[in-house]
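Accompanying notes for the structure given below.
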Amino acid sequence: MKKELTAVKNRIKKLKDKKALIDKQLEPLFIREEELENEEIIAICRKNNITISDLMAKVNREKAELKKERANENQFEKE
């Protein structure tokens, strides 16, 4: 029994070490992915002659509309 427990604990330690290494390697990839997505958004905006301010205003309007819709749905559910 003790042998098996030791083997399981060792396996857990190895997997945790591998996970830590993977997490360390993933972090810069996530950062680069976000940078590339931002660059793509900027390129699309430039291509379509849209300013970042216009884009943000549109996003904020859509968020506000979505909030209103959800509030209305919640109100109907309560009735």
Practice item. Could you tell me whether segment 27-45 includes any residue that is of a type in the set (G, A, S), part of a helix (DSSP H, G or I) and exposed (fewer than 10 other Cβ atoms within 10 Å of the Cβ)? Key: no
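Could you list all residues from segment 46-69 that are hydroxyl-bearing (S, T, Y) and assigned to a helix (DSSP H, G or I)?
S53
Rule-based calculations on the coordinates, nothing more; no lab input. Treat the numbers as computed from the prediction; the structure is a model and nothing was measured. A quick note on method: Cβ atoms are made from the backbone with ideal geometry, for glycine too, and the neighbour counts reach across all protein chains shown.
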